[in-house]
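Please read the structure below before turning to the comments.
The values are calculated or read from the model by the stated rules, or taken from the named source; none is laboratory data. These numbers were taken from a predicted model, which means no experiment stands behind them. Because the Cβ atoms are built from the backbone with ideal geometry, glycine has one as well, and the counts that use them run over all protein chains shown. Surface accessibility is based on the protein's heavy atoms, side chains included, excluding ligands, DNA and RNA. Shrake-Rupley method; radii C 1.70, N 1.55, O 1.52, S 1.80 Å.
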Amino acid sequence: MIPETPSYWLRNARVPQALLSDPDQAIAPVIPHLAAAPIWEDLVALDVHIQDGQIAHLRPSGGEIEEPSMDLQQGLIFPGFVDIHTHLDKAHTWTRTPNPDGTFMGALTHIEADKRYWTEADLYQRMNFGVRCAYAQGTVAIRTHLDIFENTIAASLSAFRQLKADWSDRVTLEAVALVTLDDYTTSRGEQLADAMAEVGGMIGGVPMMNADLDAQLDRVFTLAKERQMPLDFHTDETNDPTSITLRQVAIAALRHEFPYPILCGHCCNLSVQSEDEASKTMRLVQEAGISIVSLPMCNLFLQDRQPQRMPRWRGVTLLHELRAQGIPVAIANDNSRDAFFGYGNHDGLEALTQSVRIAQLDRPIGTWPRAITRTPAQIMGIAAGEIGVGRAADLILFSARNFSELFSRPQSDRRVLRQGKAIATTLPDYRELDHLVPY
């Protein structure tokens, strides 16, 4: 049991070295037999002192402890997850509006059909359900894209505003306007940017290859720069190698000397382009200071889907090559139980586990655990995703003792601490949403 006193120790723990605030600080050496070939897992054996909701001390395991403590028996400790690309407004609509063929075009059609149910109450209940799932599993921050076309903007922003207020003491929430970029070239563009600024959000959307793309991007960058807000785009979520919207975003960022963070998601078709074409784009992305978020579960589900035919590619971007180029790379959950992805549970561990399997982010695992913790936290500019003295004790305790054990089971027995106190980890029951299905 987690001690209920203001001051206590978590002893005999293992922490991934990459998740320490200062991984180069010699608090304790990596465990030699785990760090050596052929295991290659850089884990540090630590005792963690929690006091008044913060991490007060870190020291090598094995020292004498007089205060209340809990023996983790070599279990892993992670910082809270940061889920930087989600779609809470679409979440949990699969039951009432499924996507029969599972294709991307089918998803677009059926999520549009579902919007006839998108009242403020409907949106809030489904979005809140998603945040409750994420919170119970250890997530401390979420960025969600919102489909805020003319028929949904009022309900979506009102529901998000209430959600953000209700969770302000537990989960950091950000919103991005998800529209096509031609919206910003109309009189509505400025109103949209102002509306997102009012909720502390940002603009972005889906750039598409067309003759007006540069002008559309110029308008988006100008609106964001005027409001000192970051940008977040869905780019090249396709297997068409001729689509280069990610490259065009990078060129626009350089053209505007844009000083605020830019995140681009998906970037799927880098993996079907020639090496020269992909390298040209990645060099520009690095020069522009753009970060990338990959969504392996959703992209694997949607991309290259054809009836009665095995997919020939994974739909996932060039994660290894992007990181080798010095580009910050995050991973995230993306859609959950909607027409774009019929599954998902808002779990940062599932996103990491499946990404490791799909994209071969192991041998060694190295710093990839940062992709769902430290890296997205830095992109969002929040103090999260790391374990260090003075940090909030927002931690996830696993019984797994190494990455093989961690990635082999769902870890449904995890313990979640918020400011050093254990929270309930029981997930909300899907039956709570039954009344939202009109049949």
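Structural remarks
- First in region 34-47 and touching a residue at least 60 places away in the same chain (Cβ under 8 Å), second anywhere and of a type in the set (Ser, Thr, Tyr), Cβ under 9 Å, 6 or more apart: ILE39/SER404; GLU41/SER404; ASP42/THR367
- Residue that is farthest from ASP413 (Cα to Cα), among those in region 65-107 that are among the aliphatic types (A, V, I, L, M), in contact (Cβ under 8 Å) with a residue 24 or more places away in the chain and not in a strand (DSSP E or B): ALA107
- ARG283 vs. criteria open to solvent by 10 Å² or more (accessible area, probe 1.4 Å), of a type in the set (D, E, K, R), assigned to a helix (DSSP H, G or I) and over 21 Å from GLY381 (Cα atoms): yes
- Filtering region 195-213 to residues that are open to solvent by 70 Å² or more (accessible area, probe 1.4 Å) and closer than 17 Å to LEU246 by Cβ leaves MET208, MET209.
- Evaluation of GLU432 against the conditions (1) closer than 19 Å to VAL131 by Cα; (2) within 20 Å of the chain's Cα centre (by Cα); (3) in a helix (DSSP H, G or I) shows that the sole unmet condition is (2).
- Qualifying residue in region 299-312 (condition: basic (Lys, Arg) and free of Cβ contacts under 8 Å to residues at least 40 places away in the same chain): yes
- Failed criterion for ASN128 (all others in (1) surrounded by 18 or more Cβ atoms within 10 Å (Cβ to Cβ); (2) touching a residue at least 40 places away in the same chain (Cβ under 8 Å); (3) within 26 Å of LEU397 (Cβ to Cβ) hold): (2)
- The number of residues in region 1-26 that are more than 15 Å from ALA45 (Cα to Cα) and over 27 Å from the mean Cα position of the chain (by Cα) comes to 8.
- Lone qualifier among ALA359, ALA332, ALA288 - being open to solvent by less than 10 Å² (accessible area, probe 1.4 Å) and in contact (Cβ under 8 Å) with a residue 24 or more places away in the chain: ALA332
- Residues being at pLDDT below 95 and buried (at least 16 other Cβ atoms within 10 Å of the Cβ) - total across region 4-18: 0
- Residue match in region 394-406 (condition: of a type in the set (D, E, K, R), out of contact with any helix residue (DSSP H, G or I) (no Cβ under 7 Å at 6 or more places or on another chain) and open to solvent by less than 50 Å² (accessible area, probe 1.4 Å)): yes
- Subset of region 19-64 [in a loop (DSSP other than H, G, I, E, B), open to solvent by 70 Å² or more (accessible area, probe 1.4 Å) and either touching a Gly at 6+ places or on another chain (Cβ under 6 Å) or closer than 19 Å to ARG418 by Cβ (or both)]: ASP52
- Test for GLU112: is it open to solvent by 50 Å² or more (accessible area, probe 1.4 Å) and touching a residue at least 12 places away in the same chain (Cβ under 8 Å): no
- Residue match in region 305-317 (condition: under 20 Å from ASN335 (Cα atoms), open to solvent by less than 40 Å² (accessible area, probe 1.4 Å) and in a strand (DSSP E or B)): no
- Here THR426 clears all of (1) open to solvent by 80 Å² or more (accessible area, probe 1.4 Å); (2) in contact with a Phe, Trp or Tyr (Cβ under 8 Å, 6 or more places away or on another chain) except the condition numbered (2).
- Boolean, THR367 is under 25 Å from LEU246 (Cβ atoms) and open to solvent by less than 50 Å² (accessible area, probe 1.4 Å): no
- Contacts under 6 angstrom Cβ, first residue in region 239-266 being open to solvent by less than 40 Å² (accessible area, probe 1.4 Å), partner hydroxyl-bearing (Ser, Thr, Tyr) and in a helix (DSSP H, G or I), 6 or more apart: LEU246/THR281; ARG247/THR281
- Single unsatisfied condition, ALA377 versus (1) touching a Gly at 6+ places or on another chain (Cβ under 6 Å); (2) open to solvent by less than 60 Å² (accessible area, probe 1.4 Å); (3) small (Gly, Ala, Ser); (4) under 24 Å from GLN74 (Cβ atoms): (4)
- Of GLU350, GLU432, GLU386, all but one fail to be acidic (Asp, Glu), touching a residue at least 60 places away in the same chain (Cβ under 8 Å), over 24 Å from SER21 (Cβ atoms) and open to solvent by less than 60 Å² (accessible area, probe 1.4 Å); the exception is GLU350.
- Of the candidates GLU226, GLU150, GLU174, GLU190, the single residue that is open to solvent by 10 Å² or more (accessible area, probe 1.4 Å), touching a residue at least 40 places away in the same chain (Cβ under 8 Å) and acidic (Asp, Glu) is GLU174.
- Among the residues of region 159-171, those identified as in contact (Cβ under 8 Å) with a residue 12 or more places away in the chain, open to solvent by 30 Å² or more (accessible area, probe 1.4 Å) and not basic (Lys, Arg) are GLN162, ASP166.
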